[in-house]
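Each remark here refers to the structure printed beneath this line.
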């Protein structure tokens, strides 16, 4: 039996879940439009554990969304995860933000394109099959009307995330399906982190850093 605490802070959604053998047994998140993770993350962790009647010492691992996403959000999530792992002496598991976001789409066909908003017409994205197999690697890209044309010509494409709205304005292809109100959540981290836990696929707590994809630029 394994209890894993899952943290997701890569966007404005501050999300915490507790899973037991890959199944979510506690959950708390807030789709705020502002980045309030510094104030809310540890409060959410406390609520989730108390509601499930689980103590910190019972946790077997901490899982965290590793990016890409908000520089500040990722720093807060990863720093908190590493601090808990150090203090409790348990392993750290990292999960691709785009992979977990893609898991919110369930379809027996087509492609899934999770998109995290970057700046202007730029997004962080990847392409997955309907079985969540990575078809095109993660990258930062500037969108135009012809983006993803080869996938759209081939089958339905499900675009999901807070970077989708800007693409929906310029993409009018009949095979495009848009889910712009969805954000990464710790719910999807649960099953992915349990698979990694069983495989002992852990990060080096001392050296692990978020996957920023791009250098930080102060606004």
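Any chance you could give the angle, 0 to 90 degrees and rounded to 10, that helix 186-198 forms with the longest Cα principal axis of the chain?
70
Of the peptides 189-202, 85-98, how do they stack up when ordered by the mean number of other Cβ atoms within 10 Å, highest first?
85-98, 189-202
Return the FRET efficiency for the residue pair residue 46, residue 140: r is the Cβ-Cβ distance, R0 is 45 Å, and the value is rounded to the nearest 0.05.
0.80
Give me the distance in nm between label points sitting 7 Å out from Cα along the Cα-to-Cβ direction at residue 132 and residue 106, one decimal.
A separation of 1.2 nm, rounded to one decimal place.
What value in Å³ per residue do you get for the convex hull of the alpha-carbon atoms in the chain?
Cα convex hull per residue, to the nearest whole number: 118 Å³.
For the range 1-30 and the range 74-109, compute the distance between their C-alpha centroids and round to whole Å.
9
Evaluate the Kirkwood expression for the hydrodynamic radius of the range 105-179, namely the inverse of the mean inverse distance over all pairs of different C-alpha atoms, and round to one decimal in Å.
On the way: mean 1/r = 0.0828 Å⁻¹.
This gives a value of 12.1 Å.
Over all Cα pairs of the range 18-86, how is the pair count split among 10 Å bins, expressed in % and running from 0 up to the last occupied bin?
Taking every Cα pair in the range 18-86, the percentages come to 17, 53, 28, 2.
Nearest 5 percent is fine: what portion of the DSSP beta bridges confined to the chain is antiparallel?
60
Once both axes come from the Cα atoms, what is the angle between helix 37-51 and the longest principal axis of the chain, in degrees from 0 to 90, rounded to 10?
For helix 37-51, the angle is close to 60 degrees.
To check you understand DSSP bridge types, tell me what percent of the beta bridges within the range 105-179 (both residues inside) are antiparallel, rounded to 5.
In the range 105-179, DSSP labels about 60 percent of beta bridges as antiparallel.
Taking the chain as the reference, fit the longest principal axis to its C-alpha atoms, fit the long axis of helix 71-88 to the helix C-alpha atoms, and give the angle between the two in degrees, 0 to 90, nearest 10.
The two axes meet at around 30 degrees.
Would you kindly calculate the translational diffusion coefficient of the range 126-219, applying Stokes-Einstein with the Kirkwood radius from alpha carbon pairs, for 4 °C and a viscosity of 1.567 mPa s, and quote it in µm² s⁻¹ without decimals?
81
Here, each number is a calculation from the coordinates, and none is a lab measurement. What you are looking at is a predicted structure, and each value in this text was computed from that prediction instead of being measured. Note: ideal-geometry Cβ built from the backbone for every residue, glycine included; neighbour counts use all protein chains shown.
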